[in-house]
Amino acid sequence: MEQIIEQAQKLYPLEDCIFTPVSGHEGGRNRIVIVSRNGEKEYILRISDTGDRSENDYLAETEFIRFLAENGAPVADVISSVKGKLVECVEADGKSVYISLFAYAKGMLLADNGYRYREDAPLTEYFYNTGKALGAIHRLSKEYTPDHPRPDYFDKYNMTYIDSLIPEEYGELKSAIAKRLDEFHKLPMDKSCYGLVHFDYSDGNYHIDMDTGAITVFDFDNCMNCWYMFDLANLWLHNEGWTRQEPDPGKRFVMMQQCFELQLKGYKTETDLSEEMLEKLPLFIDMVLIENIVDEFECAIREGEELDYDDIEDAAECLINDIPYAGNDSAVISDQ
């Protein structure tokens with residue numbers, strides 16, 4: 001780490017800065033360092049050395065972020081190096097390491113505020129703003145023409161990969177995923193509904209300015225070409241955190257939908273959303289469940305551990321039994 005930071009200091013304007021590594025979270029692919037000056041957090045230095053992505057992958061991500069920032073989207077911009085590059089490759093311990101520097105997003109994580117929204121502001125504002133921020137990103141994505149392409153959804157989510165990743169003992173689950181993939185292939189893929197999306201839009205990847213409520217989005221590491229509805233379905237699923245105290249799954253489902261309606265209201269101030277695609281929300285929720293399941297298997301492999309089935313049980317049972325998902329623990333309802 002120290003060797004990489006020393007090289008970063010030569011590549012970026014980081015004089016008199018303090019570097020504070022952040023403890024990695026489970027499944028994380030990058031090492032993160034907070035860069036402070038005069039007691040203020042100014043930048044995030046991201047260090048990527050997993051070896052499974054190329055320089056072009058990182059360029060495609062950072063070029064998209066730069067486009068979004070330059071056109072007014074609420075995102076943490078990428079900072080060019082002294083060489084004018086968005087991604088730098090350095091050597092450490094005999095291998096190539098990719099580094100990028102990002103502006104520190106104003107505000108704080110909701111989790112770091114005890115999942116309390118800003119004082120004297122209605123929670124409806126929060127839901128509206130999360131939808132509006134996402135809508136701005138999608139509006140600009142529809143206008144974006146990349147120099148370096150990111151992967152398409154089916155580049156990764158296909159049965160060749162799924163079969164290699166998920167053991168045969170999960171045969172029912174694989175069949176359920178194959179069924180959904182067949183349905184996904186029938187979806188339209190024109191510019192109005194399919195393009196570069198965040199693919200991990202949740203409260204762990206944006207900061208909230210607790211003075212104004214403004215949201216600043218970061219961590220586009222997973223961005224790929226997919227349906228815009230994927231990000232919206234992911235937003236819907238994360239509303240479970242606001243409704244988990246309700247023990248009845250039917251009531252919880254209704255509450256999650258109420259939160260989502262506020263998010264849609266904000267989203268539609270920025271970009272259009274066809275009723276045809278919105279009606280397919282349950283299918284896109286399944287798409288997010290599949291992404292979560294795939295991620296759990298990938299994380300287990302990276303960590304050299306066996307998958308804990310409890311981590312995917314609710315999602316898997318919903319897919320296998322065609323039951324709509326209604327939030328964590330007692331996650332299913334049969335009458336929707």
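Values in this text are rule-based calculations from the coordinates and carry no lab data. Because the structure is a prediction, the values reported are computed rather than measured. Neighbour counts run over all protein chains shown; Cβ positions are idealised from the backbone, glycine included.
Computed quantities for the displayed model
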item: Relative compactness, the chain, computed as alpha-carbon Rg over 2.2 N^0.38 Å; result: 1.01
item: Mean-position separation - Cα centroids, the stretch 180-237 and the stretch 272-286, in angstrom; result: 13
item: Net dipole in debye of the chain [+1 Lys, Arg Cβ; -1 Asp, Glu Cβ; about Cα centre; nearest 20]; result: 1220
item: Charge dipole (the stretch 111-321, unit charges on Cβ, about Cα centre) - positive-most of P149, G171, Q263; result: Q263
item: Cα centroid separation - the stretch 132-174 against the stretch 27-95, whole Å; result: 21
item: Long-range amide H partners of E246 with built H, under 5 Å; result: none
item: Ordering of 193-200, 159-166 by burial proxy (mean other Cβ atoms within 10 Å per residue, highest first); result: 193-200, 159-166
item: Shape category assigned to the stretch 2-103 from the gyration tensor of Cα positions, a/c cut at 1.5; result: rounded
item: Whole-number percent relative contact order across the stretch 111-321, with pairs defined as alpha carbons under 8 Å at least 6 apart; result: 31
item: Extension gain from D209 to E55, taking 0.36 nm per residue of separation minus the Cα-Cα distance; result: 52.2 nm
item: Contact order normalised by residue count of the stretch 2-103, Cα under 8 Å, 6+ apart, percent; result: 26
